[in-house]
1. All but one of (1) surrounded by 16 or more Cβ atoms within 10 Å (Cβ to Cβ); (2) not in a loop (DSSP other than H, G, I, E, B) hold for ILE35, so report the exception by its number.
2. Being open to solvent by less than 30 Å² (accessible area, probe 1.4 Å), charged (D, E, K, R) and on the phi < 0 side of the Ramachandran plot is true for just one of ARG25, ARG55. Which residue is that?
Amino acid sequence: MTCGLVDVDSAREMIAYKAQIVDIRDQMSYAAAHIENAVHISNENIQDFLQKADRKRPLIVYCYHGNASKTAAAFFSDHGFEKTYSLEGGFEAWSASRKEK
């Protein structure tokens with residue numbers, strides 16, 4: 001099983017090819033803005049996600065700045081996801097890259 005880092009541009013490519021994307025920020029932050037098609041994961045719904053998710057598809061995890069998502073990506077890897085990634089720089093990097101374009 002793989003657990004690594006992915007930059008914003010690579011993440012965009014992976015998402016275009018149907019990688020799963022998980023947001024681990026708080027509900028208010030997710031509601032305010034999130035990456036399109038991201039699933040918000042919290043303590044309340046993580047078990048449901050683990051039961052239903054496709055563990056063979058790559059999984060990208062993001063948080064605010066890319067720190068907590070490293071631990072979360074390792075957690076998903078430990079739970080059988082074959083390829084898990086933490087988004088470098090988190091949602092802040094994603095948002096900044098959108099403003100540059």
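1. Condition not satisfied by ILE35: (2).
2. Selected residue: ARG25, the only one of ARG25, ARG55 that is open to solvent by less than 30 Å² (accessible area, probe 1.4 Å), charged (D, E, K, R) and on the phi < 0 side of the Ramachandran plot.
Residues checked against (1) modelled with pLDDT of 95 or more; (2) out of contact with any Asp or Glu (no Cβ under 7 Å at 6 or more places or on another chain); (3) among the charged types (D, E, K, R):
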| residue | (1), (2), (3) |
| --- | --- |
| ALA31 | yes, yes, no |
| ASP48 | yes, yes, yes |
| SER77 | yes, yes, no |
| ALA96 | no, yes, no |
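Every residue, every condition in (1) polar (S, T, N, Q); (2) in contact with a helix residue (DSSP H, G or I) (Cβ under 6 Å, 6 or more places away or on another chain), yes or no:
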{"site": "SER42", "(1), (2)": "yes, no"}
{"site": "ASP48", "(1), (2)": "no, no"}
{"site": "ARG57", "(1), (2)": "no, no"}
{"site": "CYS63", "(1), (2)": "no, yes"}
{"site": "LYS70", "(1), (2)": "no, no"}
{"site": "ALA74", "(1), (2)": "no, no"}
{"site": "ASP78", "(1), (2)": "no, no"}
{"site": "LYS83", "(1), (2)": "no, no"}
{"site": "LEU87", "(1), (2)": "no, yes"}
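Conditions tested, residue by residue: (1) open to solvent by less than 40 Å² (accessible area, probe 1.4 Å); (2) over 23 Å from TYR17 (Cβ atoms).
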| site | (1), (2) |
| --- | --- |
| CYS63 | yes, no |
| GLY66 | yes, no |
| LYS70 | no, no |
| ALA73 | yes, no |
| ASP78 | no, yes |
| TYR85 | no, no |
| GLU88 | no, no |
| GLU92 | no, yes |
| ARG98 | no, no |
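The values are calculated or read from the model by the stated rules, or taken from the named source; none is laboratory data. Nothing here was measured: the structure is a model prediction, and the numbers come from that model. Cβ atoms come from the backbone with ideal geometry, glycine included; neighbour counts cover every protein chain shown. In case anyone asks, the SASA skips ligands and DNA or RNA and just uses the protein heavy atoms, side chains included. Shrake-Rupley method; radii C 1.70, N 1.55, O 1.52, S 1.80 Å.
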